[in-house]
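Input: a single structure, listed below in C-alpha coordinates.
The values are calculated or read from the model by the stated rules, or taken from the named source; none is laboratory data. Note that this is a predicted model, so its numbers are computed, not measured. No Cβ is skipped: glycine too gets one built from the backbone with ideal geometry, and neighbour counts run over all protein chains shown. Only protein heavy atoms, including side chains, enter the accessible area calculation; ligands, DNA and RNA are left aside. Shrake-Rupley method; radii C 1.70, N 1.55, O 1.52, S 1.80 Å.
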Amino acid sequence: MPSIDGKLFLSEVIGALSYALDMTEGQPAGHSIRCCYIGMHLGKKLGLDQQQQWDLYYTLLLKDAGCSSNAARLYELYGCDERDFKHEFKLVDNTDFREVSKFIINHVGVGESFLSRLKRLIDVGKNGSNYAVELIETRCERGADIAIRLGFNEAIADGIRYLDEHWNGEGKPYRKSGHEIPVNSQIALLAQVADVFFISSGQDASLEQVTRRSGSWFDPNLVALFDDIANDDEFWQHLNSDDLQQQIMKLEPASMAMRVSEERLDDITAAFGMIVDTKSSFTFDHSSRVALYTESIAKHFGYEKNHLSYLRRAALLHDIGKLGVSNDILDKPGKLDDHEWAEIRKHSKFTEEILSHLSPFTTMAKMAGAHHEKLDGTGYPYGLCAEEIHMDTRIITAADIFDAITAARPYRGAVPVEKTLEIMRGECGTSIDPVVFDALQTVVSDLALK
(Lines give C-alpha, C1' and ligand atoms only; values in the text may rest on other atoms or scores of the structure.)
Protein backbone atom coordinates (compact mmCIF):
# COMPACT_ATOMS: atom_id res chain seq x y z
CA MET A 1 0.00 0.00 0.00
CA PRO A 2 1.32 3.51 -0.83
CA SER A 3 2.46 5.81 1.96
CA ILE A 4 0.23 8.78 2.81
CA ASP A 5 3.03 10.63 4.58
CA GLY A 6 2.56 14.34 3.90
CA LYS A 7 -0.28 13.81 1.41
CA LEU A 8 -3.15 14.52 3.80
CA PHE A 9 -3.99 17.63 5.78
CA LEU A 10 -4.99 17.29 9.42
CA SER A 11 -8.23 19.15 8.68
CA GLU A 12 -9.14 16.53 6.03
CA VAL A 13 -8.71 13.63 8.43
CA ILE A 14 -10.47 15.14 11.44
CA GLY A 15 -13.24 16.59 9.28
CA ALA A 16 -13.91 13.23 7.64
CA LEU A 17 -13.89 11.24 10.87
CA SER A 18 -16.15 13.81 12.57
CA TYR A 19 -19.04 12.12 10.74
CA ALA A 20 -18.63 9.25 13.21
CA LEU A 21 -19.12 11.68 16.10
CA ASP A 22 -22.33 12.93 14.50
CA MET A 23 -23.66 9.38 14.51
CA THR A 24 -23.04 8.64 18.15
CA GLU A 25 -24.48 12.02 19.17
CA GLY A 26 -27.65 11.21 17.22
CA GLN A 27 -27.18 14.13 14.84
CA PRO A 28 -27.70 14.24 11.06
CA ALA A 29 -24.54 13.68 9.04
CA GLY A 30 -22.35 16.77 8.83
CA HIS A 31 -23.35 18.28 12.19
CA SER A 32 -19.75 18.77 13.28
CA ILE A 33 -18.61 20.41 10.05
CA ARG A 34 -21.69 22.65 10.00
CA CYS A 35 -20.87 23.72 13.56
CA CYS A 36 -17.34 24.41 12.38
CA TYR A 37 -18.67 26.59 9.58
CA ILE A 38 -20.93 28.57 11.93
CA GLY A 39 -18.34 28.84 14.69
CA MET A 40 -15.48 29.94 12.46
CA HIS A 41 -17.59 32.76 11.04
CA LEU A 42 -18.29 33.86 14.62
CA GLY A 43 -14.61 33.60 15.56
CA LYS A 44 -13.54 35.78 12.65
CA LYS A 45 -16.29 38.27 13.39
CA LEU A 46 -15.10 38.39 16.99
CA GLY A 47 -11.58 39.22 15.80
CA LEU A 48 -9.74 36.13 17.04
CA ASP A 49 -6.11 35.95 15.95
CA GLN A 50 -4.69 33.07 13.85
CA GLN A 51 -3.75 30.85 16.79
CA GLN A 52 -7.11 31.41 18.45
CA GLN A 53 -8.91 30.61 15.20
CA TRP A 54 -6.91 27.41 14.81
CA ASP A 55 -7.77 26.35 18.36
CA LEU A 56 -11.43 27.15 17.72
CA TYR A 57 -11.42 25.20 14.44
CA TYR A 58 -10.45 21.92 16.09
CA THR A 59 -12.60 22.55 19.16
CA LEU A 60 -15.58 22.74 16.83
CA LEU A 61 -14.73 19.58 14.87
CA LEU A 62 -13.97 17.60 18.04
CA LYS A 63 -16.58 19.00 20.44
CA ASP A 64 -18.34 15.61 20.52
CA ALA A 65 -15.20 13.47 20.80
CA GLY A 66 -16.29 12.18 24.21
CA CYS A 67 -19.91 11.52 23.34
CA SER A 68 -19.59 7.72 23.11
CA SER A 69 -18.29 7.53 26.69
CA ASN A 70 -21.66 8.16 28.34
CA ALA A 71 -23.80 6.16 25.90
CA ALA A 72 -23.97 2.94 27.93
CA ARG A 73 -24.66 4.83 31.18
CA LEU A 74 -27.38 6.91 29.55
CA TYR A 75 -29.08 3.76 28.30
CA GLU A 76 -28.73 2.16 31.74
CA LEU A 77 -30.33 5.16 33.49
CA TYR A 78 -33.08 6.11 31.06
CA GLY A 79 -33.87 2.79 29.37
CA CYS A 80 -34.14 4.14 25.83
CA ASP A 81 -32.30 4.57 22.55
CA GLU A 82 -29.58 6.94 23.73
CA ARG A 83 -29.00 8.32 20.23
CA ASP A 84 -32.64 9.38 19.91
CA PHE A 85 -32.49 10.71 23.47
CA LYS A 86 -29.44 12.86 22.69
CA HIS A 87 -30.88 14.08 19.41
CA GLU A 88 -34.24 15.09 20.86
CA PHE A 89 -32.78 16.57 24.05
CA LYS A 90 -30.76 19.07 22.03
CA LEU A 91 -34.09 20.58 20.97
CA VAL A 92 -35.00 21.20 24.62
CA ASP A 93 -34.09 24.20 26.75
CA ASN A 94 -32.69 22.21 29.66
CA THR A 95 -33.15 25.16 32.02
CA ASP A 96 -36.93 25.15 31.43
CA PHE A 97 -38.54 22.79 33.98
CA ARG A 98 -41.69 22.28 31.90
CA GLU A 99 -39.78 21.41 28.74
CA VAL A 100 -37.51 18.99 30.58
CA SER A 101 -40.41 17.32 32.43
CA LYS A 102 -42.34 16.80 29.20
CA PHE A 103 -39.24 15.38 27.53
CA ILE A 104 -38.57 12.93 30.39
CA ILE A 105 -42.16 11.67 30.40
CA ASN A 106 -42.08 11.11 26.64
CA HIS A 107 -38.69 9.37 26.49
CA VAL A 108 -37.78 7.52 29.70
CA GLY A 109 -38.49 3.80 29.76
CA VAL A 110 -40.76 3.84 26.74
CA GLY A 111 -41.66 0.26 25.81
CA GLU A 112 -41.01 -1.12 29.29
CA SER A 113 -43.70 -2.48 31.62
CA PHE A 114 -45.78 0.07 33.53
CA LEU A 115 -44.09 -0.76 36.84
CA SER A 116 -40.57 -0.68 35.40
CA ARG A 117 -41.22 2.62 33.68
CA LEU A 118 -42.77 4.12 36.81
CA LYS A 119 -39.69 3.17 38.83
CA ARG A 120 -37.45 4.83 36.26
CA LEU A 121 -39.52 8.00 36.23
CA ILE A 122 -39.47 8.25 40.03
CA ASP A 123 -35.71 7.66 40.07
CA VAL A 124 -35.09 10.30 37.40
CA GLY A 125 -37.38 12.69 39.24
CA LYS A 126 -35.26 12.32 42.37
CA ASN A 127 -31.81 12.06 40.85
CA GLY A 128 -32.10 13.51 37.34
CA SER A 129 -30.02 16.59 38.07
CA ASN A 130 -27.16 14.51 39.48
CA TYR A 131 -27.37 12.11 36.56
CA ALA A 132 -27.17 15.00 34.08
CA VAL A 133 -24.04 16.36 35.76
CA GLU A 134 -22.45 12.90 35.76
CA LEU A 135 -23.22 12.24 32.09
CA ILE A 136 -22.05 15.65 30.88
CA GLU A 137 -18.88 15.54 32.97
CA THR A 138 -18.05 12.07 31.63
CA ARG A 139 -18.52 13.18 28.05
CA CYS A 140 -16.67 16.49 28.35
CA GLU A 141 -13.70 15.14 30.30
CA ARG A 142 -13.37 12.19 27.96
CA GLY A 143 -13.54 14.49 24.96
CA ALA A 144 -10.83 16.72 26.41
CA ASP A 145 -8.64 13.69 27.08
CA ILE A 146 -9.08 12.45 23.51
CA ALA A 147 -8.08 15.88 22.17
CA ILE A 148 -4.83 15.67 24.13
CA ARG A 149 -4.24 12.10 22.91
CA LEU A 150 -4.69 13.40 19.37
CA GLY A 151 -1.86 15.84 19.97
CA PHE A 152 -3.93 19.01 20.38
CA ASN A 153 -3.26 21.70 22.97
CA GLU A 154 -4.94 22.53 26.29
CA ALA A 155 -6.91 25.41 24.75
CA ILE A 156 -8.69 22.93 22.48
CA ALA A 157 -9.12 20.43 25.33
CA ASP A 158 -10.65 23.14 27.54
CA GLY A 159 -12.92 24.24 24.70
CA ILE A 160 -14.37 20.72 24.71
CA ARG A 161 -14.31 20.36 28.51
CA TYR A 162 -16.52 23.39 29.15
CA LEU A 163 -18.85 22.99 26.16
CA ASP A 164 -22.03 22.78 28.26
CA GLU A 165 -21.39 25.72 30.57
CA HIS A 166 -23.82 28.66 30.29
CA TRP A 167 -23.18 32.39 30.40
CA ASN A 168 -25.42 32.78 33.48
CA GLY A 169 -23.68 30.03 35.45
CA GLU A 170 -26.57 27.57 35.19
CA GLY A 171 -24.80 25.16 32.85
CA LYS A 172 -23.09 21.87 33.66
CA PRO A 173 -21.01 20.29 35.04
CA TYR A 174 -18.87 22.99 36.67
CA ARG A 175 -21.27 25.98 36.71
CA LYS A 176 -18.77 28.38 35.24
CA SER A 177 -20.20 31.71 34.16
CA GLY A 178 -19.43 34.70 31.96
CA HIS A 179 -15.84 35.07 30.88
CA GLU A 180 -14.78 32.13 33.08
CA ILE A 181 -15.99 30.03 30.16
CA PRO A 182 -13.40 29.71 27.36
CA VAL A 183 -14.53 31.59 24.28
CA ASN A 184 -14.08 28.38 22.23
CA SER A 185 -16.68 26.68 24.43
CA GLN A 186 -19.05 29.61 24.15
CA ILE A 187 -18.83 29.67 20.37
CA ALA A 188 -19.09 25.86 20.06
CA LEU A 189 -22.28 25.70 22.14
CA LEU A 190 -23.88 28.54 20.21
CA ALA A 191 -22.92 26.90 16.90
CA GLN A 192 -24.38 23.61 18.13
CA VAL A 193 -27.73 25.16 19.02
CA ALA A 194 -27.79 27.11 15.75
CA ASP A 195 -27.18 23.97 13.67
CA VAL A 196 -29.58 21.71 15.55
CA PHE A 197 -32.48 24.10 15.01
CA PHE A 198 -31.41 24.99 11.46
CA ILE A 199 -31.52 21.33 10.44
CA SER A 200 -34.77 20.60 12.30
CA SER A 201 -36.75 23.78 11.55
CA GLY A 202 -34.84 26.17 9.29
CA GLN A 203 -32.84 29.38 9.55
CA ASP A 204 -35.55 31.48 11.24
CA ALA A 205 -35.89 28.93 14.04
CA SER A 206 -32.10 28.77 14.37
CA LEU A 207 -31.81 32.52 14.90
CA GLU A 208 -34.86 32.58 17.17
CA GLN A 209 -33.50 29.89 19.48
CA VAL A 210 -30.06 31.48 19.73
CA THR A 211 -31.63 34.87 20.46
CA ARG A 212 -33.93 33.34 23.06
CA ARG A 213 -30.89 32.13 25.00
CA SER A 214 -29.09 35.49 24.95
CA GLY A 215 -27.96 36.38 28.47
CA SER A 216 -28.77 32.92 29.82
CA TRP A 217 -26.87 30.41 27.70
CA PHE A 218 -24.88 32.88 25.61
CA ASP A 219 -22.98 36.14 25.88
CA PRO A 220 -25.33 38.80 24.41
CA ASN A 221 -22.40 40.24 22.44
CA LEU A 222 -21.84 36.85 20.77
CA VAL A 223 -25.54 36.58 19.96
CA ALA A 224 -25.42 40.05 18.36
CA LEU A 225 -22.54 38.88 16.13
CA PHE A 226 -24.49 35.79 15.13
CA ASP A 227 -27.52 37.95 14.34
CA ASP A 228 -25.36 39.99 11.99
CA ILE A 229 -24.00 36.87 10.28
CA ALA A 230 -27.48 35.32 10.04
CA ASN A 231 -28.79 38.27 7.99
CA ASP A 232 -26.64 37.09 5.07
CA ASP A 233 -28.62 34.59 2.95
CA GLU A 234 -25.41 33.35 1.38
CA PHE A 235 -24.25 32.16 4.82
CA TRP A 236 -27.22 29.78 5.07
CA GLN A 237 -26.87 28.64 1.46
CA HIS A 238 -23.25 27.63 2.05
CA LEU A 239 -24.20 25.92 5.32
CA ASN A 240 -26.56 23.67 3.38
CA SER A 241 -24.28 23.01 0.37
CA ASP A 242 -23.07 19.60 -0.75
CA ASP A 243 -19.40 20.67 -0.80
CA LEU A 244 -19.32 22.02 2.77
CA GLN A 245 -16.63 19.52 3.80
CA GLN A 246 -14.31 21.02 1.18
CA GLN A 247 -15.24 24.56 2.21
CA ILE A 248 -14.42 23.79 5.83
CA MET A 249 -10.81 23.08 4.91
CA LYS A 250 -10.50 26.66 3.65
CA LEU A 251 -11.64 28.06 7.01
CA GLU A 252 -8.60 26.72 8.85
CA PRO A 253 -5.96 29.47 9.09
CA ALA A 254 -3.85 28.76 6.01
CA SER A 255 -0.58 29.60 7.74
CA MET A 256 -1.23 26.91 10.34
CA ALA A 257 -2.55 24.10 8.11
CA MET A 258 -0.71 20.89 8.95
CA ARG A 259 0.06 17.86 6.85
CA VAL A 260 -0.31 14.48 8.52
CA SER A 261 2.63 12.15 9.01
CA GLU A 262 2.25 8.38 9.15
CA GLU A 263 2.81 8.52 12.91
CA ARG A 264 0.14 11.19 13.40
CA LEU A 265 -2.35 9.20 11.34
CA ASP A 266 -1.63 6.17 13.53
CA ASP A 267 -2.39 8.26 16.62
CA ILE A 268 -5.64 9.54 15.11
CA THR A 269 -6.91 6.11 14.10
CA ALA A 270 -6.00 4.70 17.52
CA ALA A 271 -7.90 7.53 19.23
CA PHE A 272 -10.99 6.97 17.10
CA GLY A 273 -10.74 3.25 17.81
CA MET A 274 -10.89 4.15 21.50
CA ILE A 275 -13.99 6.29 20.86
CA VAL A 276 -15.66 3.26 19.26
CA ASP A 277 -14.69 0.88 22.07
CA THR A 278 -15.84 3.27 24.80
CA LYS A 279 -19.43 3.12 23.58
CA SER A 280 -20.06 -0.20 25.34
CA SER A 281 -18.32 -1.93 28.23
CA PHE A 282 -18.61 -5.14 26.22
CA THR A 283 -16.39 -3.78 23.44
CA PHE A 284 -13.73 -2.19 25.63
CA ASP A 285 -10.36 -2.48 23.82
CA HIS A 286 -11.97 -4.59 21.08
CA SER A 287 -10.58 -2.48 18.23
CA SER A 288 -7.04 -2.44 19.60
CA ARG A 289 -7.06 -6.21 20.11
CA VAL A 290 -8.42 -6.82 16.60
CA ALA A 291 -5.67 -4.54 15.30
CA LEU A 292 -3.07 -6.55 17.25
CA TYR A 293 -4.29 -9.90 15.91
CA THR A 294 -4.66 -8.50 12.39
CA GLU A 295 -1.16 -7.09 12.30
CA SER A 296 0.30 -10.31 13.74
CA ILE A 297 -1.42 -12.43 11.09
CA ALA A 298 -0.28 -10.06 8.33
CA LYS A 299 3.32 -10.24 9.61
CA HIS A 300 3.04 -14.03 9.46
CA PHE A 301 2.24 -13.63 5.74
CA GLY A 302 5.20 -11.30 5.23
CA TYR A 303 3.32 -8.05 4.63
CA GLU A 304 5.66 -5.06 4.15
CA LYS A 305 5.68 -2.05 6.48
CA ASN A 306 3.33 0.30 4.62
CA HIS A 307 0.79 -2.45 4.08
CA LEU A 308 0.95 -3.38 7.78
CA SER A 309 0.23 0.24 8.75
CA TYR A 310 -2.70 0.40 6.33
CA LEU A 311 -4.15 -2.85 7.63
CA ARG A 312 -3.70 -1.88 11.29
CA ARG A 313 -5.62 1.37 10.69
CA ALA A 314 -8.41 -0.50 8.93
CA ALA A 315 -8.64 -2.92 11.86
CA LEU A 316 -8.76 -0.07 14.38
CA LEU A 317 -11.63 1.53 12.47
CA HIS A 318 -13.49 -1.56 11.27
CA ASP A 319 -16.28 -1.05 13.82
CA ILE A 320 -16.51 2.74 13.65
CA GLY A 321 -20.00 2.27 12.21
CA LYS A 322 -21.16 0.90 15.57
CA LEU A 323 -21.26 4.51 16.76
CA GLY A 324 -24.45 4.63 14.71
CA VAL A 325 -26.09 1.76 16.62
CA SER A 326 -27.93 2.34 19.86
CA ASN A 327 -26.76 0.85 23.15
CA ASP A 328 -30.20 -0.58 23.82
CA ILE A 329 -29.22 -3.03 21.08
CA LEU A 330 -25.46 -3.29 21.65
CA ASP A 331 -25.91 -3.95 25.38
CA LYS A 332 -29.08 -6.04 25.22
CA PRO A 333 -28.64 -9.08 27.50
CA GLY A 334 -31.01 -11.31 25.55
CA LYS A 335 -31.47 -12.47 21.98
CA LEU A 336 -31.94 -9.77 19.36
CA ASP A 337 -35.23 -9.70 17.43
CA ASP A 338 -35.34 -9.29 13.65
CA HIS A 339 -35.52 -5.49 13.81
CA GLU A 340 -32.60 -5.26 16.23
CA TRP A 341 -30.53 -7.63 14.16
CA ALA A 342 -31.20 -5.49 11.09
CA GLU A 343 -29.99 -2.44 13.03
CA ILE A 344 -26.79 -4.21 14.07
CA ARG A 345 -26.09 -5.20 10.48
CA LYS A 346 -26.15 -1.54 9.44
CA HIS A 347 -22.87 -0.86 11.23
CA SER A 348 -20.77 -2.38 8.44
CA LYS A 349 -22.29 -0.02 5.86
CA PHE A 350 -21.89 2.88 8.31
CA THR A 351 -18.18 2.04 8.59
CA GLU A 352 -17.83 2.21 4.82
CA GLU A 353 -19.74 5.50 4.63
CA ILE A 354 -17.69 7.20 7.35
CA LEU A 355 -14.31 6.16 5.97
CA SER A 356 -15.35 7.11 2.43
CA HIS A 357 -15.46 10.77 3.48
CA LEU A 358 -11.65 10.68 3.27
CA SER A 359 -10.71 10.02 -0.36
CA PRO A 360 -7.41 8.17 0.33
CA PHE A 361 -9.43 5.78 2.55
CA THR A 362 -11.84 4.74 -0.22
CA THR A 363 -10.30 1.30 -0.68
CA MET A 364 -9.93 0.88 3.08
CA ALA A 365 -13.59 1.85 3.51
CA LYS A 366 -14.79 -1.00 1.32
CA MET A 367 -12.35 -3.46 2.81
CA ALA A 368 -13.08 -2.61 6.46
CA GLY A 369 -16.81 -2.37 5.84
CA ALA A 370 -16.80 -5.93 4.46
CA HIS A 371 -15.56 -7.60 7.66
CA HIS A 372 -18.86 -9.46 8.12
CA GLU A 373 -18.91 -10.88 4.60
CA LYS A 374 -18.56 -14.67 4.32
CA LEU A 375 -16.83 -16.89 1.80
CA ASP A 376 -20.10 -18.70 1.07
CA GLY A 377 -21.92 -15.46 0.19
CA THR A 378 -24.21 -15.35 3.25
CA GLY A 379 -22.54 -12.40 4.96
CA TYR A 380 -23.43 -8.71 4.99
CA PRO A 381 -23.82 -5.93 3.95
CA TYR A 382 -23.53 -7.02 0.29
CA GLY A 383 -23.49 -10.82 0.33
CA LEU A 384 -20.10 -10.97 -1.38
CA CYS A 385 -18.74 -14.32 -2.56
CA ALA A 386 -15.26 -15.66 -1.83
CA GLU A 387 -13.60 -14.29 -4.96
CA GLU A 388 -14.92 -10.80 -4.11
CA ILE A 389 -13.49 -10.72 -0.59
CA HIS A 390 -9.97 -9.29 -0.38
CA MET A 391 -7.31 -11.09 1.64
CA ASP A 392 -7.00 -8.04 3.91
CA THR A 393 -10.68 -8.32 4.77
CA ARG A 394 -10.34 -12.05 5.45
CA ILE A 395 -7.59 -11.32 7.97
CA ILE A 396 -9.63 -8.67 9.81
CA THR A 397 -12.66 -10.98 9.78
CA ALA A 398 -10.74 -13.80 11.47
CA ALA A 399 -9.24 -11.42 14.04
CA ASP A 400 -12.66 -9.89 14.72
CA ILE A 401 -14.37 -13.26 15.18
CA PHE A 402 -11.62 -14.49 17.48
CA ASP A 403 -11.85 -11.46 19.73
CA ALA A 404 -15.66 -11.41 19.69
CA ILE A 405 -15.83 -14.99 20.96
CA THR A 406 -13.06 -14.75 23.55
CA ALA A 407 -14.49 -11.53 25.03
CA ALA A 408 -17.52 -11.36 27.34
CA ARG A 409 -20.81 -10.25 25.78
CA PRO A 410 -24.12 -9.09 27.35
CA TYR A 411 -25.67 -12.51 26.74
CA ARG A 412 -22.71 -14.77 27.75
CA GLY A 413 -19.32 -14.88 29.40
CA ALA A 414 -15.95 -15.04 27.68
CA VAL A 415 -15.16 -18.27 25.83
CA PRO A 416 -11.73 -19.90 26.45
CA VAL A 417 -9.21 -19.66 23.63
CA GLU A 418 -9.09 -23.40 22.86
CA LYS A 419 -12.89 -23.58 22.65
CA THR A 420 -12.90 -20.46 20.48
CA LEU A 421 -10.44 -22.02 18.04
CA GLU A 422 -12.56 -25.16 17.94
CA ILE A 423 -15.66 -23.11 17.09
CA MET A 424 -13.79 -21.17 14.41
CA ARG A 425 -12.34 -24.34 12.91
CA GLY A 426 -15.90 -25.41 12.17
CA GLU A 427 -16.48 -22.18 10.23
CA CYS A 428 -13.45 -22.59 7.96
CA GLY A 429 -14.42 -22.47 4.30
CA THR A 430 -17.76 -20.81 5.01
CA SER A 431 -17.11 -17.75 7.19
CA ILE A 432 -13.36 -17.99 7.72
CA ASP A 433 -10.48 -18.46 5.28
CA PRO A 434 -8.69 -21.72 6.28
CA VAL A 435 -5.24 -20.28 5.44
CA VAL A 436 -5.90 -17.24 7.62
CA PHE A 437 -7.19 -19.46 10.40
CA ASP A 438 -3.97 -21.49 10.36
CA ALA A 439 -2.01 -18.26 10.70
CA LEU A 440 -4.27 -17.15 13.55
CA GLN A 441 -3.54 -20.33 15.47
CA THR A 442 0.18 -19.64 15.15
CA VAL A 443 -0.34 -16.04 16.25
CA VAL A 444 -2.34 -17.15 19.28
CA SER A 445 0.51 -19.42 20.28
CA ASP A 446 3.15 -16.73 19.70
CA LEU A 447 1.18 -14.20 21.75
CA ALA A 448 0.85 -16.73 24.57
CA LEU A 449 -2.92 -16.33 24.65
CA LYS A 450 -3.52 -19.97 25.41
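Under 20 Å Cα to Cα from Lys419, which aspartates and glutamates show up? Leave out anything in the same chain fewer than 8 places away.
In chain and number order, the partners are Asp400, Asp403, Glu427, Asp433, Asp438, Asp446.
According to the Kirkwood expression over distinct Cα-Cα pairs, how big is the hydrodynamic radius of the chain, in Å?
23.0 Å is the Kirkwood radius here.
Once you place label points 7 Å from the Cα toward the Cβ at Lys366 and Leu244, how far apart are they in nm?
Calculated label separation equals 2.9 nm.
May I ask you to compute the full-extension gain from Asp266 to Val110, defined as 0.36 nm times their residue separation minus their alpha-carbon distance, rounded to one decimal in nm?
Between Asp266 and Val110, full extension yields an extra 52.0 nm.
If you put +1 on each Lys and Arg Cβ and -1 on each Asp and Glu Cβ, how big is the dipole of the stretch 306-450 around its Cα centre, in Debye rounded to 20?
The dipole of the stretch 306-450 has a size of about 280 debye.
Can you grab the distance from the C-alpha centre of the stretch 385-404 to the C-alpha centre of the stretch 38-105, Å, no decimals?
About 36 Å separates the Cα centre of the stretch 385-404 from the one of the stretch 38-105.
Can you give me the Cα centroid spacing of the stretch 155-202 and the stretch 123-153 in angstrom?
Using only Cα atoms to place each centre, the spacing works out to 14 Å.
Run the dipole for the chain about the Cα centre, Lys and Arg Cβ at +1, Asp and Glu Cβ at -1, nothing else charged, and hand back the magnitude in debye, nearest 20.
For the chain, the charge dipole is close to 860 debye.
What are the residues whose amide H is under 5 Å from the amide H of Ser214, where those residues sit 5 or more places off or on another chain and H is modelled from the backbone?
Here the answer is none, since no amide H 5 or more places off falls under 5 Å of that of Ser214.
What FRET efficiency comes out for Ser177 versus Lys45 if R0 is 22 angstrom and r is the Cβ-Cβ distance? Round to the nearest 0.05.
0.45
For the stretch 23-100, what ratio Rg/Rh do Cα atoms give with a Kirkwood hydrodynamic radius?
Reported Rg/Rh (Cα atoms, Kirkwood Rh): 1.07.
Equivalent ellipsoid semi-axes for the stretch 1-133, as square roots of 5 times the alpha carbon gyration tensor eigenvalues: give them largest first, rounded to whole Å.
Semi-axes from the Cα gyration tensor: 36, 19, 11 Å.
With no solvent and one point per C-alpha, what does the Debye sum give as log10 I(q)/I(0) for the stretch 384-428 at q = 0.22, 0.25, 0.31 Å⁻¹?
-0.79, -0.90, -1.09
Starting from the Kirkwood Rh over alpha-carbon pairs, what translational D in µm² s⁻¹ does the stretch 108-250 have by Stokes-Einstein at 4 °C and 1.567 mPa s?
Estimated diffusion coefficient is 75 µm²/s.
Step through the table entries Lys102/Lys172; Lys7/Lys44; Lys63/Lys349; Lys349/Lys374, compare each Cα-Cα distance with 22 Å, and write down the pairs that go over it.
Lys7/Lys44; Lys63/Lys349
Using the alpha carbons of the stretch 275-382, what is the convex hull volume per residue in cubic angstrom, as a whole number?
About 116 Å³ per residue, rounded to a whole number.
How many Å² of accessible area per residue for the chain, probe 1.4 Å?
Normalised by residue count, the accessible surface of the chain is 42 Å².
Among Gly273, Thr283, Ala254, pick out the residue whose Cα is farthest towards the positive end of the charge dipole of the stretch 251-290, where Lys and Arg carry +1 and Asp and Glu carry -1 on C-beta, about the Cα centre.
Ranked along the dipole, the leading option is Thr283.
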